[in-house]
Amino acid sequence: MQQGTLMRKVKSKSWKKQRYFKLQDDCMTIWYQSKKTGKIESAFSISDVETVREGHQSEVLQSLAEEFPPERCFTIVFYGRRGNLDLIAGSAEEAQCWVQGLRQLIEPRSFPLMSALVSRTWIRDWFQKADKNKDGRMNFKEVQRLLKMMNVDMNEDHALRLFQAADKSESGTLEGEEFVLFYKALTQREEVLSLFQDFSEDGKKLTLLELVDFLRQEQLEDEGTEELAMELIDKYEPSETARARHVLSADGFLMYLCSPEGSIFNPRHRALWQDMSQPLCHYFISSSHNTYLIEDQIRGQSSIEGYIRALKRGCRCLEVDCWDGPNGEPMVYHGHTFTSKILFREVVSTLGKDGRVEPSYPIPSVVLQGAGGAGPQQRGVTGDSRSHGGDGHPRVPTSPSTTPQELKHKILLKGKKIGRLEDTLDGPGDEVPDVSDDDNGAEAEEERRRVKVGGLGWGPAGNAEPLGTATGCGDIPKDKESLAQALSDCVVYCKSVSFRGFQEARSHSRPSEISSFSEAKARKLIRDAGNEFVRHNAWQLTRIYPSGMRTDSSNYSPQEMWNVGCQIVALNFQTAGTEMDLCDGLFSQNGRCGYVLKPPFMRDEETLFNPSDPGSREGPGPITLTIQVISGQQLPKVANSKDGAIIDPLVRVEIHGVPADQAHQETKYIENNGFNPRWDETLQFQLHVPELALVRFVVEDYDKTSRNDFVGQFTLAFANIKPGYRHIHLLSKDGTSIPPSSLFVHIRITE
């Protein structure tokens, strides 16, 4: 890859600044600096990069399509909610050099190599930060500054002993390999070494049989254990001599525990592992609300980036609010608000390019909620909806197939399906909330106003003349009727219907129909008729959407909706927090395909299960989850903290599930140590319905005078937990990995 390449960094059509971009020698970090001032503006790690898109695959680059050819344009996409980086190279050759180089660097590679790169990068970074006078050496005063930066409050005498032990040249400074020795002494994992020595007869190595004993006794690996032990030695033992002797050193043991095989998340469940040939209503489906918005609901920006980000996170149900726009082009935006607008055809084109989950599962069905449009512009909506957006192959299903397996490479449209014109004009009763004690009157009125104005049940008709109302149907021209019918014909499996009670639905509704509820209406049904709700969701789809009062794009808890089997629980993906942590945690399994199979007792139409009565669940009794929180490693500082501030970390474990299982416990806090805190505390939980439980690990910085500050978290379904000694690799508030920050725990599950 070229280094020091001059490229244009683009933020808008008018904001194009030339910057020098350079890959550092560690092959892990890229920085860029101003051409004018020479000042380094920013840097990012290769590990933060999710993918690289070629050509005009962002709104900004699309707006510059006439000015710059696609061969010179590319977009760097980061994990989490960090904004993309749009770049224009000086030539197609330079662009390809960066695109191909970055792709090679972010390709999955063997863990030992990545671990070595990360370690080398971290050591280099810390040295450069601590070397205040930039002389390539570090004196003891600089070492003390380093410890503060690394979140360590160490006794001065102990720090001096480590310094002197590493200073082999006795020069009073550390350089090169001396600093590496100091760093290794600083990062020594005593708790891991103690565990290693418990199974090692000589305390220096694990023989093949000793490793097998550890895997069986502690990690509860019971199949092909000898083969697994050989694989781990070949994969993680850094010494060629030790590999040849089929033994594992202490370094190799630590590398295994820090690897995907040593993670709390069962690696077999990362890939597609569930049956995908059951009816759609038997799955939880990752779903977003007002997908086009990337900010708030009133003045926020509408962007195709919202769809791209949601799809990349495994979202399979997207929302499109379609309105008449200028020049006969349907537009997508939040009606009756000040949000910006995007073209409907750009949304469809985005689905064609990004609506794939790779590599384990091609495309489960994508449910487009709300593709409406009014008047003549329905022709554009209908035509665009039938197009792939890329290769021209039809993606709207032509028969009522019912399983994700059968619906690969298909888009399902949710909406009113009409046979008579009156049906077209009745409005979308499925989203009209009942005014009840739970419903906020203003919210209910807003929802009525939003969905009753006109259109096909996907929202109001926009600024143009609506299709009409039930009282004006006789005046509708025939061409509008035929267009409405054409759009209606696209609705095959997700026909929107009004909900008039569970008994009415049982008698007259069909599996190909779907009803939508506001969060307040859903809560009332859960409280009043929990078992009926579960049974209903065993044979028909249900969609839940946020309150209209959540103008800040906040979220409700999806767990209470999943507890009764609601499949399409729509959340504001742009808003970080516990709710999205739960969503990401549930759908991080099964190849991230966006579908998770519901437990058997929620797929039975005659089930007795009611989440408020866990004893109604058929199957084994409660289980006990025991978690020993042992230690933490290199925890990040709190955002915007003062220089020299060191965190006081504690760990909270939360159980999200049926009401009887909702619980949380936390460790004590450790004063002034975010680098290698030791808790050695045991937390225990009883789970009555483990099939629905999610476990969230949260690290916070304790504050006795105000609310604790967030440090990191990791959430996963209980079904994906791997027992034994495991590392938990923490994520930031926006879901981005923060290597090498982790927790070390011991997990036991007993009946």
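Looking across segment 163-190, the residues that are among the charged types (D, E, K, R), without any contact (Cβ under 8 Å) to a residue 12 or more places away in the chain and either in a helix (DSSP H, G or I) or within 15 Å of residue 131 (Cα to Cα) (or both) come down to 177, 184, 190. The single condition among (1) of a type outside the set (S, T, N, Q); (2) under 18 Å from residue 280 (Cβ atoms); (3) open to solvent by 30 Å² or more (accessible area, probe 1.4 Å) that residue 526 does not meet is (2).
Screening segment 272-297 for residues that are touching a Pro at 6+ places or on another chain (Cβ under 9 Å) and in a helix (DSSP H, G or I) and picking the one that is nearest to residue 592 (Cα to Cα) gives 280. Among the residues of segment 496-518, those identified as open to solvent by less than 10 Å² (accessible area, probe 1.4 Å) and either more than 21 Å from residue 603 (Cβ to Cβ) or more than 29 Å from the chain's Cα centre (by Cα) (or both) are 496, 505, 516, 518.
Note on segment 274-297: among residues that are of a type in the set (D, E, K, R) and in the same structural domain as residue 573 (by the TED database), the one that is least open to solvent (accessible area, probe 1.4 Å) is 296. Considering 160, 147, 193, the condition of being within 19 Å of residue 646 (Cα to Cα), in a helix (DSSP H, G or I) and open to solvent by less than 70 Å² (accessible area, probe 1.4 Å) is satisfied by 147 alone. Checking residue 246 against (1) surrounded by 15 or more Cβ atoms within 10 Å (Cβ to Cβ); (2) part of a loop (DSSP other than H, G, I, E, B); (3) touching a residue at least 60 places away in the same chain (Cβ under 8 Å), which single condition isn't satisfied? Unmet for residue 246, out of (1) surrounded by 15 or more Cβ atoms within 10 Å (Cβ to Cβ); (2) part of a loop (DSSP other than H, G, I, E, B); (3) touching a residue at least 60 places away in the same chain (Cβ under 8 Å): (3). Within segment 196-226, can you find the residues that are of a type in the set (Asp, Glu), under 33 Å from the mean Cα position of the chain (by Cα) and either open to solvent by 50 Å² or more (accessible area, probe 1.4 Å) or within 26 Å of residue 166 (Cα to Cα) (or both)? 222, 223 - these are the residues of segment 196-226 that are of a type in the set (Asp, Glu), under 33 Å from the mean Cα position of the chain (by Cα) and either open to solvent by 50 Å² or more (accessible area, probe 1.4 Å) or within 26 Å of residue 166 (Cα to Cα) (or both). Total residues in segment 236-257 satisfying the condition of being under 31 Å from the mean Cα position of the chain (by Cα) and hydrophobic (A, V, I, L, M, F, W, C): the figure is 4.
Taking the criterion of being assigned to a loop (DSSP other than H, G, I, E, B), without any contact (Cβ under 8 Å) to a residue 40 or more places away in the chain and not basic (Lys, Arg), the residues of segment 498-525 that qualify are 501, 509.
Residues in segment 249-265 that are within 17 Å of residue 722 (Cα to Cα), open to solvent by less than 40 Å² (accessible area, probe 1.4 Å) and in a helix (DSSP H, G or I): 3 in all.
In the set (1) open to solvent by less than 10 Å² (accessible area, probe 1.4 Å); (2) out of contact with any strand residue (DSSP E or B) (no Cβ under 7 Å at 6 or more places or on another chain); (3) closer than 18 Å to residue 747 by Cβ, the condition left unmet by residue 236 is number (3). Restricting 671, 579, 666 to those that are over 23 Å from the mean Cα position of the chain (by Cα), modelled with pLDDT of 95 or more and of a type in the set (D, E, K, R) reduces the list to 666. When residue 636 is tested against (1) touching a residue at least 24 places away in the same chain (Cβ under 8 Å); (2) touching an Asp or Glu at 6+ places or on another chain (Cβ under 9 Å), just one condition goes unmet, and that condition is (2).
Taken over segment 298-337, the criterion of being open to solvent by 10 Å² or more (accessible area, probe 1.4 Å), among the polar types (S, T, N, Q) and in a loop (DSSP other than H, G, I, E, B) is satisfied by 301, 337. Counting only strands (runs of 3 or more DSSP E) that fall entirely inside segment 646-743 and contain at least 1 residues that are touching a helix residue (DSSP H, G or I) at 6+ places or on another chain (Cβ under 6 Å) and crowded, with 18+ Cβ neighbours inside 10 Å, the qualifying elements are 649-656, 678-687, 694-701, 709-717, 724-731. Here the condition is being modelled with pLDDT under 85, in the same structural domain as residue 412 (by the TED database), open to solvent by 10 Å² or more (accessible area, probe 1.4 Å) and not aromatic (Phe, Trp, Tyr); of 341, 353, it holds for 353 alone.
Here's the yes/no breakdown for (1) among the hydroxyl-bearing types (Ser, Thr, Tyr); (2) within 22 Å of the chain's Cα centre (by Cα); (3) at pLDDT below 95:
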{"position": "259", "(1), (2), (3)": "yes, yes, yes"}
{"position": "264", "(1), (2), (3)": "no, yes, no"}
{"position": "267", "(1), (2), (3)": "no, yes, yes"}
{"position": "272", "(1), (2), (3)": "no, yes, yes"}
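The set of residues in segment 163-177 being on the phi < 0 side of the Ramachandran plot and open to solvent by 20 Å² or more (accessible area, probe 1.4 Å) consists of 164, 165, 168, 169, 171, 173, 175, 177. Output the residue which, of all residues in segment 387-416 that are polar (S, T, N, Q) and in contact with a Lys or Arg (Cβ under 9 Å, 6 or more places away or on another chain), is modelled with the lowest pLDDT. Per the criteria, the residue is 387.
If the condition is being open to solvent by 60 Å² or more (accessible area, probe 1.4 Å), modelled with pLDDT under 80 and part of a strand (DSSP E or B), then segment 22-50 contributes 40, 41. For segment 626-640, the set of residues classified as part of a strand (DSSP E or B) and either of a type outside the set (A, V, I, L, M, F, W, C) or not assigned by the TED database to the domain that holds residue 654 (or both) consists of 626, 628, 631, 632, 633, listed by residue number. Every listed requirement among (1) buried (at least 22 other Cβ atoms within 10 Å of the Cβ); (2) closer than 22 Å to residue 274 by Cβ is met by residue 618 save one, (1). Within segment 178-190, the set of residues being farther than 29 Å from residue 264 by Cα and open to solvent by 60 Å² or more (accessible area, probe 1.4 Å) comprises just one member, 181. So, in segment 623-645, of the ones that are polar (S, T, N, Q) and open to solvent by less than 20 Å² (accessible area, probe 1.4 Å), which residue ends up farthest from the chain's Cα centre (by Cα)? Among them, the one singled out is 631.
The values are calculated or read from the model by the stated rules, or taken from the named source; none is laboratory data. The shown structure was predicted, so the numbers you read here are calculated from the model rather than taken from an experiment. Positions of Cβ are backbone-derived with ideal geometry, glycine not excepted, and every protein chain shown enters the neighbour counts. Surface areas here come from the heavy atoms of the whole protein model, side chains and all, with no ligands, DNA or RNA. Shrake-Rupley method; radii C 1.70, N 1.55, O 1.52, S 1.80 Å.
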